[in-house]
Amino acid sequence: MSELTARLDKQLQELKLKGLIPVYKSIAEQAGKKKLNYLEFLSILLEEEIERKKDGSIKAKVAKARFPFFKTMEAFDFSYQPGLNEKEVLRLASLEFIDRKDNGIFLGPPGVGKTHLAVALGVKACNAKYRVNFISASDLLKELQLAWKGGILTDRLLYYSRLNLLIIDELGYIKINQEQSNLLFQLISMRYEKGSIILTSNYGFDDWSKVFDDSIVASAIIDRVIHHSVIFYINGASYRLKNKLDNFSSERGGQK
Ligand code: ADP
Ligand code: MG
């Protein structure tokens, strides 16, 4: 290592620009080949750092969101769900709904891609620098109950109210008792017209009375969630089944 590069490495470290250390030499080399002037070289170097910072903050946002898996809108096969309004889903993916503080609701049986779409929208929102959190309904209820018992419910509600997008997955898989209904109501009321929610459920609204012990609180929650919302009913076949059927037919194909 030459004296000059050793000094540059140290300077970049001191300026907290460590990310440039592995790249500045090759950028300088390229700049030399292309006969760029000093200002052009400086601009390319700074652009590199800006991109790196952006990337870092998006990665941090995705990590903070706690998605159960990573899925993209591009990986969703709309042809498998012909009943689903692709245009409307893509409109949601433009993320204007987050600025309007509207909600998105995905209803349908297991395996039709509700969580996939919710995650894909969440990832898009992270890329656009929104604060996002993904949580299953059962974890959310457990967390709120714990916070309530520990005397820190207000803190927790405040945390949730600061998010641009809260994704609540799988409402309906477990029964929701009176105490949990009240806690969920507080959360939904706090976000009402202040921040977006994406909700997925295997139950249609008519069946929600089966999920909630308290039907009055249930309808108050539903009212607030569906007001200013886009609702998608996904009624096609399970994608998990598709994979199984594909495997099955390829195995049969192999036996011929
Ligand atoms: P749900 O939440 O409705 O139960 P998931 O979103 O978990 O279903 O989907 C189950 C699996 O199938 C996931 O791996 C998901 O990525 C995949 N999947 C579902 N629907 C589609 C689709 N239309 N195109 C591509 N992958 C899909
Ligand atoms: Mg799911």
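May I ask you to say which residue of 35, 10 is assigned by TED's automatic domain parsing to the domain that holds residue 57 and in a loop (DSSP other than H, G, I, E, B)? Before the answer, list the steps.
Values: 10 fails: in a loop (DSSP other than H, G, I, E, B).
Being assigned by TED's automatic domain parsing to the domain that holds residue 57 and in a loop (DSSP other than H, G, I, E, B) holds for just one of 35, 10, which is 35.
Look at region 117-138 and say how many of its residues are under 13 Å from residue 73 (Cα atoms), in contact with a helix residue (DSSP H, G or I) (Cβ under 8 Å, 6 or more places away or on another chain) and either of a type in the set (Gly, Ala, Ser) or within 16 Å of ligand 2 (Cβ to nearest atom) (or both).
Residues meeting the conditions: 6.
Taking residue 173 as meeting all but one of (1) surrounded by fewer than 21 Cβ atoms within 10 Å (Cβ to Cβ); (2) modelled with pLDDT of 95 or more; (3) within 16 Å of ligand 2 (Cβ to nearest atom), write down the number of the exception.
Condition (2) is where residue 173 drops out.
What are the pairs, 6+ residues apart or on separate chains, where a residue within region 223-242 that is farther than 19 Å from residue 116 by Cβ has its Cβ under 6 Å from a residue that is of a type outside the set (Ser, Thr, Tyr) and assigned to a helix (DSSP H, G or I)?
What qualifies is 224/188.
Scanning for something over 28 Å from residue 58 (Cα atoms) and more than 16 Å from ligand 2 (Cβ to nearest atom), does region 188-196 turn up at least one residue?
Yes: region 188-196 contains one or more residues that are over 28 Å from residue 58 (Cα atoms) and more than 16 Å from ligand 2 (Cβ to nearest atom).
Would you point out the residue of region 44-81, among those that are more than 30 Å from residue 160 (Cα to Cα) and exposed (fewer than 12 other Cβ atoms within 10 Å of the Cβ), that is nearest to ligand 1 (Cβ to nearest atom)? Don't jump to the end; show me each part of the working.
First, pick out the residues of region 44-81 that are more than 30 Å from residue 160 (Cα to Cα): 44-49, 77-81.
Then keep just the ones that are exposed (fewer than 12 other Cβ atoms within 10 Å of the Cβ); that gives 47, 77, 79.
Working: 47: 35, 77: 3, 79: 8 Å.
Applying the filter and picking the extreme gives 77.
Just to be sure I understand the filter: pairs with C-beta atoms under 8 Å, separated by 6 or more residues or on different chains, first member in region 153-180 and closer than 19 Å to residue 220 by Cα, second member in a loop (DSSP other than H, G, I, E, B) and of a type in the set (Ser, Thr, Tyr). Which pairs pass?
Every condition considered, the pairs that remain are 171/203; 172/203.
Out of curiosity, is residue 16 within 16 Å of ligand 2 (Cβ to nearest atom), part of a loop (DSSP other than H, G, I, E, B) and of a type in the set (D, E, K, R)? Show your work before the answer.
Working: within 16 Å of ligand 2 (Cβ to nearest atom): no; part of a loop (DSSP other than H, G, I, E, B): yes; of a type in the set (D, E, K, R): yes.
When the stated conditions are applied, residue 16 does not pass them.
Would a scan of region 123-145 turn up a residue that is surrounded by fewer than 21 Cβ atoms within 10 Å (Cβ to Cβ), under 18 Å from residue 224 (Cα atoms) and in the same structural domain as residue 212 (by TED's automatic domain parsing)?
The answer is no; no qualifying residue exists.
If you scan region 159-191, which residues turn out to be within 19 Å of residue 130 (Cα to Cα) and out of contact with any Lys or Arg (no Cβ under 9 Å at 6 or more places or on another chain)?
Hits for region 159-191 are 159, 167, 168, 190.
Pick out, from region 146-256, the helices (runs of 4 or more DSSP H) lying fully within it that include 1 or more residues that are within 15 Å of ligand 1 (Cβ to nearest atom). Break it down into steps so the answer makes sense when it comes.
Working: elements: 153-161, 178-191, 208-211, 215-226, 239-255.
The helices (runs of 4 or more DSSP H) meeting that bar are 239-255.
I need the full set of residues from region 114-130 which are in contact with a Lys or Arg (Cβ under 9 Å, 6 or more places away or on another chain) and not in a helix (DSSP H, G or I), in order please.
Correct list: 129, 130.
So, in region 27-62, of the ones that are hydroxyl-bearing (Ser, Thr, Tyr) and within 37 Å of the chain's Cα centre (by Cα), which residue ends up farthest from residue 122 (Cα to Cα)?
43
Considering only residues that are free of Cβ contacts under 8 Å to residues at least 60 places away in the same chain and either part of a loop (DSSP other than H, G, I, E, B) or under 12 Å from the mean Cα position of the chain (by Cα) (or both), look in region 78-105 and name the one that is farthest from ligand 2 (Cβ to nearest atom).
94
Provide a single number: the residues in region 211-234 that are over 28 Å from residue 65 (Cβ atoms) and loosely packed, with under 12 Cβ neighbours inside 10 Å.
Residues in region 211-234 being over 28 Å from residue 65 (Cβ atoms) and loosely packed, with under 12 Cβ neighbours inside 10 Å: 1 in total.
The values are calculated or read from the model by the stated rules, or taken from the named source; none is laboratory data. Small disclaimer: the values here were computed from a predicted structure and weren't measured. Note: ideal-geometry Cβ built from the backbone for every residue, glycine included; neighbour counts use all protein chains shown.
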